[in-house]
1. Please note which helices (runs of 4 or more DSSP H) are completely contained in region 445-548 and include at least 2 residues that are β-branched (V, I, T) and over 30 Å from P412 (Cα atoms).
2. Got a sec? Which strands (runs of 3 or more DSSP E) wholly within region 267-373 have at least 1 residues that are out of contact with any Asp or Glu (no Cβ under 9 Å at 6 or more places or on another chain)?
3. Could you list, in sequence order, the residues of region 317-326 that are farther than 13 Å from V456 by Cβ and surrounded by 20 or more Cβ atoms within 10 Å (Cβ to Cβ)?
4. Within region 427-451, track down each residue that is within 28 Å of F143 (Cα to Cα) and either of a type in the set (V, I, T) or surrounded by fewer than 21 Cβ atoms within 10 Å (Cβ to Cβ) (or both).
5. Please work out which residue is surrounded by the fewest Cβ atoms within 10 Å (Cβ to Cβ), limiting yourself to region 65-82 and to residues that are under 18 Å from E379 (Cα atoms) and either touching a helix residue (DSSP H, G or I) at 6+ places or on another chain (Cβ under 7 Å) or of a type in the set (V, I, T) (or both).
6. Only one residue in D209, D184 is out of contact with any helix residue (DSSP H, G or I) (no Cβ under 6 Å at 6 or more places or on another chain) and either under 23 Å from F472 (Cα atoms) or surrounded by 17 or more Cβ atoms within 10 Å (Cβ to Cβ) (or both), so which one is that?
7. Just wondering, is there one or more residues in region 274-290 that are more than 28 Å from A499 (Cβ to Cβ) and surrounded by fewer than 19 Cβ atoms within 10 Å (Cβ to Cβ)?
8. Where residues in region 225-253 are in contact with a strand residue (DSSP E or B) (Cβ under 6 Å, 6 or more places away or on another chain) and hydrophobic (A, V, I, L, M, F, W, C), which of them is farthest from E509 (Cα to Cα)?
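The values are calculated or read from the model by the stated rules, or taken from the named source; none is laboratory data. Fair warning: this is a prediction, and the values are worked out from it, not measured in the lab. Virtual Cβ from ideal backbone geometry, glycine too; neighbours counted across all protein chains shown.
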Amino acid sequence: MRIRLKWVSLLLVCLLLLLTACSGGGKSGTSQDESEGNVNTGAVTDDGSGIKPTTFSFYGNYDWLTTAPWGENEATKWIQENRKVTVEPVQSGGAAAEKLNTMIVSGDLPDVIFTDRGSMVERLVQAGRLVALDEYYEKYPNFKKYVKESTLNLLRSDDGKIYQIPNWYTSGQFGNGGWMVNKDIYNALGRPKLETFEDLYQYLLLVRDKYPDVVPLEVGEKGAGLEIMYGGFKENSTSKFISLMGYPEGDKLLPIYDDPAFEEMMLYINMLFRERLVTQDALQQTQDAVKEKVNTGRVAVMVESNITTYGAEGHRALTAGNPDSGYEIIWPVHKAGLDKNKVFVSGFETLGWNVNVITTKAKDPEAIFAYYDWITGPEGQKVLFFGPKGLYWDEEDADGAPIPNEKYKTTPANERTEIMRKFEDFNWAGNTTFIDTAKMSLEASLSANQKSWETVAQSTVTWKTALDITEFVNTDPVADTEIGIIAQNIQNIHTLAFAQMVQAKSDEEVLSALETAKKNAKKAGLGKLLEFKIERWQENVQKINATK
């Protein structure tokens, strides 16, 4: 009976929310403020969004994410005072999945969940726990202006409705993965050519012999950089194909274990591991351990999916003591004979990285959406990336990009970047195209020593070496379905096989582990899984082509 009552209550809440929206109870802040004459609340922004005072709870569904208190930095304080919006963080405590499951079971959900796209979102949709946002996307101006129609179509759930608000979506190219070198070590060793995997091997041998206390090749938390090398062994490819467990040939996905490039990569990685040229605890190390090595200069070369963050932080740490030290981004290392301009480190999706969903526990979902629409517009992006007007900028150019003021130019880059990063942590509806254009415009006005390491790395290398893989989104099955169980079993097989291949004692052991993985994955249903993914992939292609 209690369970029935709980569901009845939930249905009533959903019904009440729907009736409120339909009856005009969720009117935009524009109408409310105009009727009350409350012009100074900031409810009507300079970009036309209508937002009204609201308070909502926010849960970041990641072990690593701790959301700082609202109002304790210049950006969120400005929003609280001028836009009358307050956010109450709900922390994961380092156990995000367990925390979310507890909230789902108890029915005590936060108003907003910040999470990955995919099965978790679809499970919440099927359980009736999320608010459909279609009417709000039509009503408010900024997402409509900046998000491509094909992107919105790809965000639709199986019932045809949109429940997700994208973060760091784009209509252009972006990426943060890549390779970097320690400048002190690289200069001391004569700056040898570092283009091919053979060049890299010879350089890592030099580092190992000359700098015994330095990691020749750092590969990131839990070895994240290892699979990144895949794009260097084959043109027009990224590690996304490994996570798909299949590489594209025409309109088919073939098993990744049948790809010669994957075999070649595993043999190369294993050689580096056997010769102690790569982090020996690569598959177990934590992010903190990686940062400690990078920030103290005990890394000669690094490959990682988020090299811009590691590089910017490490560069700041090293140049604080010596302005000539630091890290330098390099073009992706690749197999000899490949066209360097067809070598990609990372893949990007126009849908961006993560998404926000509004739960049926929210008292005023429209007010929350209106705030997110404001975030993603010009004013919201400037406040949550560069800081509010008067801090680092006082005026903007013809395109709306902030013009750096004297404080921006005279504040040490390390200090300024650290402050701005705190703002960015709250930018949950990041508009990549707007920010990238604004960053490039702003940086163009600065001298070389004032430019941000991250922006230089992005504009010169990492954006150019990211491949558009939007067509492969939403290809993961829901976890507790037959295909979902097959996918998990195959992932378990792959995780074990990958570790065995990395740590094998010989080439023969690598090939043996690869062959075993191939047989076990086939037996576990890899063919059926790839058929499922092919179907979803081709559906995406049709949706994308339909809007061209």
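1. 482-502, 507-524, 526-546
2. Where strands (runs of 3 or more DSSP E) fall fully within region 267-373 and carry at least 1 residues being out of contact with any Asp or Glu (no Cβ under 9 Å at 6 or more places or on another chain), they are 327-330, 346-348, 354-358.
3. Hit for region 317-326 is L318, nothing else.
4. Residues satisfying the conditions are N427, T432, T433, I435, D436, T437, K439, M440, S441, E443, A444.
5. Among them, the one singled out is G71.
6. Being out of contact with any helix residue (DSSP H, G or I) (no Cβ under 6 Å at 6 or more places or on another chain) and either under 23 Å from F472 (Cα atoms) or surrounded by 17 or more Cβ atoms within 10 Å (Cβ to Cβ) (or both) holds for just one of D209, D184, which is D184.
7. No, because not a single residue in region 274-290 is more than 28 Å from A499 (Cβ to Cβ) and surrounded by fewer than 19 Cβ atoms within 10 Å (Cβ to Cβ).
8. Result: L253.
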